[in-house]
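Worksheet for the structure shown next.
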Amino acid sequence: MPTQLHLPVQPAGAREINAVVAMVERDEQVAYFASGVPLFVHRADDPVGRRVAAAQMIALGLARQEELSAALHVNRTTLYRQQRKVQVHGVLGVVDGKRGPRGPHRFTAEKRHRVAELLEAGRSIRHAAEQVGVAEGTIRHALRRGELRPAPMASAPVLGPRIRSEQAAGATGGVAVQRHTERALARLGQLTEAAPQFVAAEAVRTGGVLLALPAVLTLGLLDAGQQVYGALRNGFYGLQATLLCLTFMALLRIRTPEQLQGQPPGELGILLGLDRAPEVKTLRRKLAELAARRQATPFSQRLAERWVRDQADAVGLLYIDGHVRPYHGTTQTLPEGYVTRRRLCMPATTDVWVQQQDAQPLFVVTAPANDDLRAMLRTHILPEIRRLVGERRVTLCFDREGWSPKFFRECDGQGFDVLTYRRGPYATWRRAAFRPITATVDGREVRYTLAERAVDVLPGFRMREVRRLCDGGHQTAILTTRTDLPIAVVAYRMFERWTQENFFRYMRQHFALDALLTYAVEPADPERTIPNPARKALRKQLAEARATLKALEQEYGHAAQQNPEGRRPTMRGFKIAHGALGQQIRAQERACRRLEIRFATLPERVPLKAVMDEEEIVKLAPEAKHLTDTIKMVAYRAETALVRCLAPHYAKTEDEGRALIREMLSSSVDIIPDAQRLRIRFHSLANPRSNQALAHVCATLNALELQYPGTTLTLAYEAPGVA
């Protein structure tokens with residue numbers, strides 16, 4: 001505030017605070033003068049007066065805090081607090097409260113505000129009392145006295161879809177571009193990341209995907225991302241926006257970045273707290289930056305560590321299986337793999353997935369050159385499991401591809417148990433050995449006809465064999481080193497391996513598991529050994545030679561069977577008559593023997609550089625694929641968490657749970673921010689029972705009281721038409 005200038009004449013006996021202000025202490029009074037003009041006076045024993053005087057002198061710009069601190073012997077921080085109190089509450093802000101009872105000590109102002117929010121959201125008094133930890137009578141008494149009123153509604157106008165659409169289309173910087181200042185700073189490299197900011201919006205398309213946000217945060221997506229990647233280069237879209245955008249895309253079944261072109265960017269931007277979602281080229285640039293750091297494996301490991309720590313009981317048994325991803329490109333030459341669902345060999349990449357007992361994915365490893373399951377278990381899977389679980393003994397469940405008694409003995413020596421199917425022909429057991437068994441496992445009643453015995457798979461190494469007798473008489477043999485499990489549990493755990501096949505099918509259909517994010521390649525190890533292609537070609541040639549020999553022999557035998565014995569009664573006469581055919585057979589036999597000798601001398605495996613130029617030895621770049629697969633794992637686990645929230649309140653959860661959750665995630669919502677909350681109001685689903693189920697899920701998530709990342713707004717979900 002400007003003041004009139006005066007000559008610097010101060011009263012006699014004044015003590016200078018600075019060149020302008022002085023103070024005089026006389027007759028138990030303290031007076032303050034500015035250039036000789038009286039400014040303020042209070043009693044010497046009046047602390048409130050001293051506080052007001054100091055706050056006024058600071059506010060008028062007559063004295064600085066450090067000058068008053070030295071003159072009044074008061075800490076600078078104390079002066080700052082007193083000034084703020086006077087600005088906010090006036091003089092009463094620096095008046096000490098009276099001694100004795102100071103009002104409700106349990107039903108504090110914060111709790112009253114929280115109760116008001118719950119009541120305004122339509123919650124019952126009982127629910128509000130349970131949430132804040134007070135008695136129902138306390139809330140009713142506060143309502144009667146008028147001390148408790150519902151929190152005010154957001155004063156900002158709610159933008160409808162038509163208004164948002166017109167604003168997005170008319171934006172000068174591009175569709176839905178509104179935050180011009182921050183984007184300008186980003187172009188200059190002066191913005192680390194745009195902070196989420198929300199405005200009230202009505203009928204936001206696919207806004208229901210925010211229902212999965214608490215699960216995504218609890219699973220540790222952003223925490224692990226910040227720990228591993230830190231931050232991206234300065235720009236409008238940072239690490240948080242990139243990871244959340246990819247996760248929302250997975251949950252909304254937007255399979256690739258290119259499919260963002262068909263989505264309204266402003267609607268998805270609202271969910272990120274931004275003006276619009278990133279463009280395709282922007283998102284690909286962010287992915288390329290993340291992939292260039294080559295931290296996808298540590299990122300996946302951080303998440304797996306968190307999941308193991310949170311669900312230690314679920315990793316007592318792990319399902320392990322390989323999934324073959326076909327390569328449909330023609331630019332590169334990749335090793336071939338057998339694609340079971342297509343029943344043919346084709347260029348492909350094999351990923352080995354490790355999943356928990358409840359079929360939730362834990363981590364995935366890409367096999368170099370489609371190495372078999374045993375090789376991957378030895379080199380990659382077992383060391384990683386041991387790192388995650390420590391010295392605990394874990395059971396590994398896999399199919400016949402991992403069959404090897406020697407490998408089973410290795411696993412047992414390393415502290416791992418094995419559960420798998422028996423491979424190869426085996427003798428049937430007598431029917432009298434089988435007995436019907438009924439048991440309850442994981443809440444399910446199972447019925448099998450089973451038998452068991454101990455068998456020696458290697459000299460000195462014995463395993464437990466359990467067989468199931470099927471209705472058709474077939475016997476399915478299971479081998480395990482677990483001797484403590486009941487026989488029905490052994491069979492159930494082995495047959496539950498099909499949940500992994502169901503997982504692959506679901507991920508292919510809904511999360512585009514086989515989609516290639518990039519066709520980029522990188523050099524592969526030229527010393528890596530591969531099956532000798534010369535043996536493959538020679539094996540084919542030998543098979544053709546044997547087929548020709550077999551055809552000649554069949555022709556010779558047919559001629560012998562049709563021989564007219566009246567004309568050629570002796571074998572000598574027959575051989576003379578068919579001498580040319582016999583010579584062909586003998587020549588073909590010699591050719592087969594030569595091929596067999598050549599085949600036996602060829603090595604089974606050769607270095608890759610022996611059959612290819614080093615420039616051609618490449619593999620698909622794994623980083624971006626591994627990163628997006630990890631994000632899809634998070635999305636799948638988040639969806640599963642919502643299904644489990646749904647289970648106690650929806651009778652058909654096992655059959656329809658995921659379909660209902662997908663409906664919730666793709667539904668429209670109103671997003672209304674206020675001072676402390678981000679209210680997400682769902683529009684009605686297809687029927688009342690779905691709305692009731694949604695209400696229970698919302699109540700479960702509201703109890704977590706999680707904040708939208710990067711803000712202080714608590715997520716508050718509201719179901720339609722349910723009190």
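The values are calculated or read from the model by the stated rules, or taken from the named source; none is laboratory data. Since the model is a prediction, treat every value here as computed from it, not as a measurement. Please note: Cβ atoms are built from the backbone with ideal geometry, for glycine as well, and neighbour counts cover all protein chains shown.
Checking the conditions here, which among 282, 256, 218, 247 is assigned by TED's automatic domain parsing to the domain that holds residue 658, among the polar types (S, T, N, Q) and buried (at least 19 other Cβ atoms within 10 Å of the Cβ)?
So the residue among 282, 256, 218, 247 that is assigned by TED's automatic domain parsing to the domain that holds residue 658, among the polar types (S, T, N, Q) and buried (at least 19 other Cβ atoms within 10 Å of the Cβ) is 247.
For residue 667, indicate whether it is among the polar types (S, T, N, Q) and modelled with pLDDT of 95 or more.
yes
Within segment 217-226, is even one residue within 14 Å of the chain's Cα centre (by Cα) and assigned to a loop (DSSP other than H, G, I, E, B)?
The answer is yes; a qualifying residue exists.
Filter segment 248-285 for residues that are closer than 20 Å to residue 715 by Cα and not hydrophobic (A, V, I, L, M, F, W, C) and give the result.
Passing the criteria: 267, 269, 273, 275.
Using beta carbons and a limit of 6 Å, which pairs, at least six apart or on different chains, have the first residue in segment 14-39 and under 13 Å from residue 57 (Cβ atoms) and in contact (Cβ under 8 Å) with a residue 12 or more places away in the chain and the second one of a type in the set (Ser, Thr, Tyr) and part of a strand (DSSP E or B)?
If the second residue must be of a type in the set (Ser, Thr, Tyr) and part of a strand (DSSP E or B), the pairs left are 23/32; 39/32.
From the list 432, 454, 491, which one is in a helix (DSSP H, G or I), in the same structural domain as residue 319 (by TED's automatic domain parsing) and more than 41 Å from the chain's Cα centre (by Cα)?
On inspection, the qualifying residue turns out to be 432.
All but one of (1) assigned to a helix (DSSP H, G or I); (2) at pLDDT below 90; (3) within 54 Å of the chain's Cα centre (by Cα); (4) surrounded by fewer than 11 Cβ atoms within 10 Å (Cβ to Cβ) hold for residue 540; which doesn't?
Every listed condition holds for residue 540 apart from (2).
Pull up segment 4-45, narrow it to residues that are surrounded by fewer than 17 Cβ atoms within 10 Å (Cβ to Cβ), assigned by TED's automatic domain parsing to the domain that holds residue 66 and β-branched (Val, Ile, Thr), then point me to the one that is modelled with the lowest pLDDT.
37
In this structure, does residue 274 turn out to be outside any helix (DSSP H, G or I) and assigned by TED's automatic domain parsing to the domain that holds residue 677?
For residue 274, the condition - outside any helix (DSSP H, G or I) and assigned by TED's automatic domain parsing to the domain that holds residue 677 - is met.
Quick check on residue 704: is it modelled with pLDDT of 95 or more and under 23 Å from the mean Cα position of the chain (by Cα)? If you could, list the steps in order and put the result at the bottom.
Values: modelled with pLDDT of 95 or more: no; under 23 Å from the mean Cα position of the chain (by Cα): yes.
Judged against the criteria, residue 704 is not a match.
Looking only at segment 671-719, which residues are surrounded by fewer than 18 Cβ atoms within 10 Å (Cβ to Cβ) and either at positive phi or outside the structural domain of residue 223 (by TED's automatic domain parsing) (or both)?
Hit for segment 671-719 is 705, nothing else.
Any idea which residue in segment 457-488 is farthest from residue 637 (Cα to Cα), counting only those that are among the hydroxyl-bearing types (Ser, Thr, Tyr) and assigned to a strand (DSSP E or B)?
Once the filter is applied, the top-ranked residue is 476.
Look through segment 252-282, keep the residues that are of a type in the set (Gly, Ala, Ser) and in contact (Cβ under 8 Å) with a residue 24 or more places away in the chain, and return whichever of them is farthest from residue 196 (Cα to Cα).
Here is the first cut: in segment 252-282, the ones of a type in the set (Gly, Ala, Ser) are 262, 266, 269, 273, 277.
Within this subset, residues satisfying the condition of being in contact (Cβ under 8 Å) with a residue 24 or more places away in the chain are 266, 269, 273, 277.
Numbers: 266: 14, 269: 10, 273: 4, 277: 12 Å.
Among residues in segment 252-282 that are of a type in the set (Gly, Ala, Ser) and in contact (Cβ under 8 Å) with a residue 24 or more places away in the chain, the one farthest from residue 196 (Cα to Cα) is 266.
Any idea which residue in segment 445-462 is surrounded by the most Cβ atoms within 10 Å (Cβ to Cβ), counting only those that are free of Cβ contacts under 8 Å to residues at least 12 places away in the same chain and either within 22 Å of residue 492 (Cα to Cα) or touching a Ser or Thr at 6+ places or on another chain (Cβ under 9 Å) (or both)?
462
Name the residue, out of 382, 377, 450, 373, that is hydrophobic (A, V, I, L, M, F, W, C), at pLDDT 90 or above and in contact with a helix residue (DSSP H, G or I) (Cβ under 6 Å, 6 or more places away or on another chain). Break it down stepwise before answering.
Details: 382 fails: in contact with a helix residue (DSSP H, G or I) (Cβ under 6 Å, 6 or more places away or on another chain); 377 fails: in contact with a helix residue (DSSP H, G or I) (Cβ under 6 Å, 6 or more places away or on another chain); 373 fails: at pLDDT 90 or above.
Sole residue among the options that is hydrophobic (A, V, I, L, M, F, W, C), at pLDDT 90 or above and in contact with a helix residue (DSSP H, G or I) (Cβ under 6 Å, 6 or more places away or on another chain): 450.
Could you list, in sequence order, all residues of segment 573-621 that are modelled with pLDDT of 80 or more, among the charged types (D, E, K, R) and assigned to a helix (DSSP H, G or I)?
Residues satisfying the conditions are 575, 586, 589, 590, 593, 594, 596, 598.
How many residues does segment 172-202 contain that are modelled with pLDDT of 90 or more, over 32 Å from the mean Cα position of the chain (by Cα) and of a type in the set (Gly, Ala, Ser)?
1
For the list (1) modelled with pLDDT of 95 or more; (2) polar (S, T, N, Q); (3) under 24 Å from residue 341 (Cβ atoms), I need the number of the one condition that residue 509 fails.
Just one mismatch for residue 509, condition (1).
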